[in-house]
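The values are calculated or read from the model by the stated rules, or taken from the named source; none is laboratory data. Computed from a prediction, not measured in an experiment: that's the story for all the values here. Glycine also receives a Cβ, built like all others from the backbone with ideal geometry; neighbour counts cover every protein chain displayed.
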């Protein structure tokens with residue numbers, strides 16, 4: 001039996017067919033509309049089309065870049081309002097819908113088929129358009145009382161800026177959009193893509209080095225806190241920015257050495273995901289198999 005899986009990110013919407021072994025048989029990518037009705041139409045249309053080609057289990061697994069409640073989802077990079085995605089799609093397609101936030105789905109994907117295999121405590125650190133942390137302990141995801149455990153983007157760290165709330169938040173310092181905005185601000189240039197900042201960093205651009213080193217140092221403080229609190233088996237970076245961990249690592253380690261417990265200092269593992277964008281697809285499949 002095959003599974004129809006959807007990953008709704010802040011930038012891209014991915015739809016895939018996976019089998020029970022975690023093999024991806026088909027994958028399509030779309031730009032994520034800033035409208036839940038249009039998102040639902042894409043999902044509905046593709047489910048009906050793929051159903052003609054594949055033998056699909058009558059349930060849809062969805063991963064979203066935001067918070068998941070009983071029926072509603074809240075995706076701040078798409079809309080400020082919550083949307084009853086589960087019931088909306090279920091009524092249209094007449095099948096059950098299972099929704100996970102991308103922190104949980106990504107962490108479960110790593111636990112099932114990635115670098116988190118055979119690990120007791122996994123921290124899955126996403127940095128992209130947004131920032132989040134998936135936590136899996138002994139094979140079980142940590143959801144939290146309000147279902148938003150791992151909302152690390154909200155923690156107060158760094159300085160207040162024009163893109164943050166009343167205090168400086170982690171997401172406003174280290175996400176892709178914030179890196180681009182900060183570079184353009186201090187350089188008085190008008191780059192359009194965050195990737196350009198990293199390209200300039202490799203060429204020795206002083207403004208890019210200032211931004212990247214600042215982000216790296218903030219990451220160092222953040223990682224020190226996570227390591228001291230959870231003492232995890234592994235921290236796995238993902239997301240367009242998280243996958244660039246090696247660029248930030250020298251700046252992060254200089255700060256981490258100041259704050260880590262001496263017991264932890266020489267005994268931790270930080271790495272990047274090899275599953276990359278497929279982690280959410282795999283984690284959503286895994287939860288359907290388990291349930």
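Consider only pairs whose beta carbons are under 6 Å apart and that are at least six residues apart or on different chains; among these, list those whose first residue lies in segment 68-83 and is without any contact (Cβ under 8 Å) to a residue 12 or more places away in the chain and whose second residue is in a loop (DSSP other than H, G, I, E, B).
If the second residue must be in a loop (DSSP other than H, G, I, E, B), the pairs left are 74/66; 74/82.
Evaluate the following for residue 34: is it at pLDDT 95 or above and farther than 19 Å from residue 151 by Cα?
On the way: at pLDDT 95 or above: no; farther than 19 Å from residue 151 by Cα: yes.
Spelling it out, it is not the case that residue 34 is at pLDDT 95 or above and farther than 19 Å from residue 151 by Cα.
In segment 42-52, how many residues are in contact with a helix residue (DSSP H, G or I) (Cβ under 9 Å, 6 or more places away or on another chain) and surrounded by fewer than 14 Cβ atoms within 10 Å (Cβ to Cβ)?
If we filter segment 42-52 for residues that are in contact with a helix residue (DSSP H, G or I) (Cβ under 9 Å, 6 or more places away or on another chain), which is where we start, we get 43-44, 47-48.
Adding the requirement that they be surrounded by fewer than 14 Cβ atoms within 10 Å (Cβ to Cβ) leaves 48.
Qualifying residue count, segment 42-52: 1.
If residue 256 satisfies every condition in (1) surrounded by 19 or more Cβ atoms within 10 Å (Cβ to Cβ); (2) assigned to a loop (DSSP other than H, G, I, E, B) but one, which is the exception?
Single failed check for residue 256: (2).
If residue 128 satisfies all but one of (1) buried (at least 16 other Cβ atoms within 10 Å of the Cβ); (2) in contact (Cβ under 8 Å) with a residue 40 or more places away in the chain; (3) over 20 Å from residue 230 (Cβ atoms); (4) not assigned by TED's automatic domain parsing to the domain that holds residue 229, what's the number of the condition it fails?
For residue 128, the failing item is (4).
Please specify each residue of segment 1-31 satisfying the condition of being out of contact with any helix residue (DSSP H, G or I) (no Cβ under 8 Å at 6 or more places or on another chain), assigned to a loop (DSSP other than H, G, I, E, B) and farther than 24 Å from residue 129 by Cβ.
1, 21, 23
Among the numbered conditions (1) under 17 Å from residue 104 (Cα atoms); (2) touching a helix residue (DSSP H, G or I) at 6+ places or on another chain (Cβ under 9 Å), tell me where residue 288 comes up short.
Unmet for residue 288, out of (1) under 17 Å from residue 104 (Cα atoms); (2) touching a helix residue (DSSP H, G or I) at 6+ places or on another chain (Cβ under 9 Å): (2).
Take the residues in segment 94-113 that are more than 16 Å from residue 133 (Cβ to Cβ) and buried (at least 19 other Cβ atoms within 10 Å of the Cβ); name whichever of them is nearest to the chain's Cα centre (by Cα).
Step one: of segment 94-113, the residues more than 16 Å from residue 133 (Cβ to Cβ) are 94-99, 112-113.
Retained after the next criterion (residues that are buried (at least 19 other Cβ atoms within 10 Å of the Cβ)): 97, 99, 112-113.
Values: 97: 21, 99: 15, 112: 17, 113: 17 Å.
So the residue we want is 99.
Would you mention how many residues in segment 3-21 are touching a residue at least 40 places away in the same chain (Cβ under 8 Å) and surrounded by 19 or more Cβ atoms within 10 Å (Cβ to Cβ)?
So the count comes out to 11.
Among the candidates 227, 275, 243, which residue alone is surrounded by fewer than 19 Cβ atoms within 10 Å (Cβ to Cβ), within 24 Å of residue 118 (Cβ to Cβ) and touching a strand residue (DSSP E or B) at 6+ places or on another chain (Cβ under 9 Å)?
Details: 227 fails: surrounded by fewer than 19 Cβ atoms within 10 Å (Cβ to Cβ); 275 fails: surrounded by fewer than 19 Cβ atoms within 10 Å (Cβ to Cβ).
Selected residue: 243, the only one of 227, 275, 243 that is surrounded by fewer than 19 Cβ atoms within 10 Å (Cβ to Cβ), within 24 Å of residue 118 (Cβ to Cβ) and touching a strand residue (DSSP E or B) at 6+ places or on another chain (Cβ under 9 Å).
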